[in-house]
Structure formats: C-alpha cells, structure tokens
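Written out below as structure tokens is the structure these notes cover.
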Amino acid sequence: MSETRRKPTTYWEYMRLPELTSLQRGLASSDAELGNDEVLFITIHQIDELWMKLALRELVSVRDLFAKDVVQEQSIAAAVRGLRRMVLVFGHLADHFALMETMTTRDYLAFRDKLSPASGFQSAQLREIEILMGLADGDRIPLGHEASYMEALREPDGSESPASRRVAARLADRPTLKTAVAEWLHRTPISGSRPGDAGDADAVHAFIDAYCAAQAREVERAKSFAMHDALSDKDRARLTERFSKEVSGARAFMLAEDRPEAERARTSRIRAALVYIESYRELPLLAWPRELIDSIVALEQAFVVFRQRHARMVERVIGRRTGTGGSAGVDYLDQTALRYRIFHDVWAVRTLLIRADALPPVVRPDAYALAVGT
C-alpha cells in the first residue's frame, strides 16, 4: 500500500497566523476599532507572555536536571545553554519597554481606563517564573489591598481563574531551581571529600580555615594600599573598622552563622562549595559547574534589569500615579527590583573571592579529573 501523503504545509498554517494576528483586539470585536497605541500595547504584552512561555520551559528543564540524585557532568552544558537562553529572553523583555516609551502619557491615558482593575501583576507566567526560581512567599510585596498575591489572580467574584489555577499548580511543583541547585552544590567534592565520606566535615572546615586565612591576608593587603592614601586618623580608623568587618564577615558567612543552628553545617558546606568552584575553576571537574553558577548570576541579573527597566518605563509614561490594579505603581515596581532576589549566596561569595595567586593549594587535585556525575 502506498503511504497517504499529507497535505503540503503552509507557513501561515504552521504558525497559526490567522488566529495569532486576530488576537490583538483587547475588549473590542476587532482591532480595527482600536487606535495604533492600544494595539501596540496589547501586542507587546502578548509577545512578552510568549517569551515568558519559552523561559518557563527552559526553567523547568534545568530544574528537572538538577533535581536528579546524580547530575551527569556532560548534561551541565545543556543546563548552561538553557540558562543563557533565558538571559537572552529577559533581555528581549526589557528591550520591549523602549517600544512602549514611544507612547506619550496622553496616548496611554486614552485607553488606560479599559484596563482597570487589571494589572501586569496578574501575569500567571511571571508569577510561575518567580516561584520556580525559588522566590519565597514570605518575601513578596503586597500589590495593594489583597491579603495574598493569589487573591489578585482570582476572578472579580473571587472564584478560581485560569491564572490562579496555573500558579497554584506551580506552587505544588517542587523542588524550585534554588533548592535543586543547592542540593547539587551540597554534593560537590571539597578537597576531594564528599558528603558521607569519613572525615568530610573536617575536610570542609580545613578548607574554610585555609581559605579564610588567605582571604584575611588579601584584605590586609588591600588595607595597606588604602591606608597609604588615608588623609587623617579618622580616615584610618574608619578603614581599619571596614576591613576588619570584611574579614569577620567572610568567616561568619562561610560558617553560616546567620542560619539557625540546625541548618549551619549544610549551608556552610554549600557556601564552601560555591567558593571552591569559583576559586578552582581550572580543574576539569569544576569547569562546567563554574559556568553554571555564572549563568545563574547572569539570569538573576537579567531579571533584576527587566524589573528596573519596567519601573523606569512606567515612570516615564505615567509618572508615579496609582497602578490600574491598585498598586503603588512605580514605588511597587522599584521595591520588587530591590527585594526580589533569590540566589543570595551565589552573589554573596563574590565579596569573598581572591586572586588566583593567593589561593590555598588544592588538596587532592586528582579527584577533579572528569567524572561521570556529582
């Protein structure tokens, strides 16, 4: 029997262009009823949602990879590629604000009332990205009158909506990327020792002691340069106190003294792993892990830039008036950019890193040849 030939594919069918290009009408029956500014506004936000769809897919893939008990070394490259793709996605999201700024305040006000009380806060996918990355509910800033951000995702009558159901499902989808990466970091060999090995705690503490001593010497070196240019005894006293806090703060961070007693050993090992990977990135086993950590930093930085760019666009177009959803508008957006940080420790270790020449010698470098997994 001969195979049934399928109908030739057309570009507009494959891309669903008739359906896609008919969706930029807002509350009207056709976009022909709308002005160019309103169609621009709708189109940009729909494109943003499509970019976020791609980011979510990549985020789930990376999270799933690190949620495994064994992470194959060769698969870390795929995770890095996914994270870097997300960085570019958030770059495109931020770039869209320049198009929004082609509207004047008066242009936007001509149709703004149609949005009330809707708000970009109700973007389920943006909330999903935050949740999946690891933003804790307790760190969230209220939009306005609602007791919980989940309330803002419900229908006006309080019933469940597609947005609230999506976000509820994502809340149940564990672990977060932050948790999965922390679990993976915890398994990182430090001085050739892994969790569960005899004497692992001693090996970790020995590395922390050696590293903190090296970091203290580097701080003293920087202090000597700064003191040379100090203009007064008051300046010298201020510098002495500042550099002293840098040394004591580094050790306190590495020993996780900011965490509850029950969490300190685990958190300390994770932080030591971050410093170890950053410091000895030339070792074959640590090359891709270091790229992964750098990609996480780049992703969160891109997310922060997106939020900051959003705030400046809103301020430029409508000033500091109350948002359509009842939020504090620009003030709310600025707060999210400052406070919605997730990978705190990954950023914090940058304060502790030192020159390659000042690092303690690697213990058991043979343990960092290419391996199957960590």
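The values are calculated or read from the model by the stated rules, or taken from the named source; none is laboratory data. Fair warning: this is a prediction, and the values are worked out from it, not measured in the lab. We place every Cβ from the backbone using ideal geometry, glycine too, and count neighbours over all the protein chains shown. Note: areas computed on protein heavy atoms with side chains; ligands, DNA, RNA excluded. Shrake-Rupley method; radii C 1.70, N 1.55, O 1.52, S 1.80 Å.
Would it be correct to say that Ala210 is touching a residue at least 40 places away in the same chain (Cβ under 8 Å) and in contact with a Pro (Cβ under 6 Å, 6 or more places away or on another chain)? Give the derivation first.
Working: touching a residue at least 40 places away in the same chain (Cβ under 8 Å): yes; in contact with a Pro (Cβ under 6 Å, 6 or more places away or on another chain): yes.
It is true that Ala210 is touching a residue at least 40 places away in the same chain (Cβ under 8 Å) and in contact with a Pro (Cβ under 6 Å, 6 or more places away or on another chain).
Every residue in region 323-365 that is within 19 Å of the chain's Cα centre (by Cα), at pLDDT 95 or above and among the acidic types (Asp, Glu), please.
Listed by number, the list holds a single entry, Asp345.
So which residues in region 140-158 are open to solvent by 50 Å² or more (accessible area, probe 1.4 Å) and more than 21 Å from Phe303 (Cα to Cα), if there are any at all? Give the derivation first.
In the first step, residues of region 140-158 are kept if they are open to solvent by 50 Å² or more (accessible area, probe 1.4 Å); the result is 142, 145, 147, 151, 154-157.
Across region 140-158, the qualifying residues are His145, Ala147, Glu151, Arg154, Glu155, Pro156, Asp157.
Among the residues of region 101-139, what is the count of those that are crowded, with 16+ Cβ neighbours inside 10 Å and in a loop (DSSP other than H, G, I, E, B)? First the steps, then the outcome.
Let us first name the residues in region 101-139 that are crowded, with 16+ Cβ neighbours inside 10 Å, namely 103, 107-108, 111-112, 115, 119-135.
Cutting the leftovers down to in a loop (DSSP other than H, G, I, E, B) gives us 103, 115, 119, 123, 134-135.
Looking only at that region, the number is 6.
Would you confirm, using the coordinates I've provided, whether Ala94 is open to solvent by 40 Å² or more (accessible area, probe 1.4 Å) and touching a residue at least 60 places away in the same chain (Cβ under 8 Å)?
Values: open to solvent by 40 Å² or more (accessible area, probe 1.4 Å): no; touching a residue at least 60 places away in the same chain (Cβ under 8 Å): yes.
It is false that Ala94 is open to solvent by 40 Å² or more (accessible area, probe 1.4 Å) and touching a residue at least 60 places away in the same chain (Cβ under 8 Å).
Note down all Cβ pairs under 8 Å where the first residue falls in region 167-178 and is under 14 Å from Leu59 (Cβ atoms) and in contact (Cβ under 8 Å) with a residue 24 or more places away in the chain, the second is open to solvent by 40 Å² or more (accessible area, probe 1.4 Å) and of a type outside the set (A, V, I, L, M), and they're at least six residues apart or on different chains.
Correct list of pairs: Pro175/Glu183.
Could you tell me which of the residues Glu315, Glu291, Glu300 is more than 26 Å from Gly192 (Cα to Cα), touching a residue at least 40 places away in the same chain (Cβ under 8 Å) and out of contact with any Leu (no Cβ under 8 Å at 6 or more places or on another chain)?
Residue meeting the stated conditions: Glu300.
Check Arg266, Arg251, Arg281, Arg312 and return the single one that is farther than 20 Å from Tyr211 by Cα and open to solvent by 70 Å² or more (accessible area, probe 1.4 Å). I'd like the intermediate steps shown before the answer.
Values: Arg266 fails: farther than 20 Å from Tyr211 by Cα; Arg251 fails: farther than 20 Å from Tyr211 by Cα; Arg281 fails: farther than 20 Å from Tyr211 by Cα.
Result: Arg312 is the single residue among Arg266, Arg251, Arg281, Arg312 that is farther than 20 Å from Tyr211 by Cα and open to solvent by 70 Å² or more (accessible area, probe 1.4 Å).
Name the one entry in Ala337, Ala328 that is open to solvent by 30 Å² or more (accessible area, probe 1.4 Å), among the aliphatic types (A, V, I, L, M) and more than 30 Å from Ser244 (Cα to Cα). Show your work before the answer.
Details: Ala337 fails: open to solvent by 30 Å² or more (accessible area, probe 1.4 Å).
Matching residue, one of Ala337, Ala328: Ala328.
Check whether at least one residue in region 292-301 is open to solvent by 50 Å² or more (accessible area, probe 1.4 Å), in contact with a Lys or Arg (Cβ under 6 Å, 6 or more places away or on another chain) and at pLDDT 95 or above, and report yes or no.
To start, the set of residues in region 292-301 that are open to solvent by 50 Å² or more (accessible area, probe 1.4 Å) comprises 294, 301.
Subset that is in contact with a Lys or Arg (Cβ under 6 Å, 6 or more places away or on another chain): none.
No; the residues of region 292-301 include none that is open to solvent by 50 Å² or more (accessible area, probe 1.4 Å), in contact with a Lys or Arg (Cβ under 6 Å, 6 or more places away or on another chain) and at pLDDT 95 or above.
Whether any residue in region 150-165 is over 23 Å from Glu49 (Cβ atoms), not in a loop (DSSP other than H, G, I, E, B) and not basic (Lys, Arg) is what I want to check. I'd like the intermediate steps shown before the answer.
So in region 150-165, the residues over 23 Å from Glu49 (Cβ atoms) come out as 157-158.
Narrowing further to those that are not in a loop (DSSP other than H, G, I, E, B): none.
No, region 150-165 contains no residue that is over 23 Å from Glu49 (Cβ atoms), not in a loop (DSSP other than H, G, I, E, B) and not basic (Lys, Arg).
Restricting to region 78-88, what's the tally of residues that are open to solvent by less than 30 Å² (accessible area, probe 1.4 Å) and either touching a residue at least 60 places away in the same chain (Cβ under 8 Å) or farther than 17 Å from Phe303 by Cβ (or both)? Show your work before the answer.
So in region 78-88, the residues open to solvent by less than 30 Å² (accessible area, probe 1.4 Å) come out as 79-80, 82-83, 86.
Narrowing the set further to residues that are either touching a residue at least 60 places away in the same chain (Cβ under 8 Å) or farther than 17 Å from Phe303 by Cβ (or both) leaves 79-80, 83, 86.
Of the residues in region 78-88, 4 are open to solvent by less than 30 Å² (accessible area, probe 1.4 Å) and either touching a residue at least 60 places away in the same chain (Cβ under 8 Å) or farther than 17 Å from Phe303 by Cβ (or both).
Has region 191-200 got at least one residue that is in a helix (DSSP H, G or I) and modelled with pLDDT of 95 or more? Walk me through how you get there before you give the answer.
Going through region 191-200, the residues in a helix (DSSP H, G or I) turn out to be 200.
When the remaining residues are screened for being modelled with pLDDT of 95 or more, the result is 200.
Scanning region 191-200, I find at least one residue that is in a helix (DSSP H, G or I) and modelled with pLDDT of 95 or more, so the answer is yes.
Inside region 34-64, can you point out the residues that are without any contact (Cβ under 8 Å) to a residue 24 or more places away in the chain and either under 19 Å from Leu286 (Cα atoms) or open to solvent by less than 50 Å² (accessible area, probe 1.4 Å) (or both)?
Once the filter is applied, which keeps residues that are without any contact (Cβ under 8 Å) to a residue 24 or more places away in the chain and either under 19 Å from Leu286 (Cα atoms) or open to solvent by less than 50 Å² (accessible area, probe 1.4 Å) (or both), region 34-64 yields Val39, Ile42, Thr43.
All but one of (1) closer than 29 Å to Glu73 by Cα; (2) surrounded by fewer than 14 Cβ atoms within 10 Å (Cβ to Cβ); (3) of a type in the set (S, T, N, Q) hold for Thr176; state the number of the condition that does not hold.
All conditions are met except number (2).
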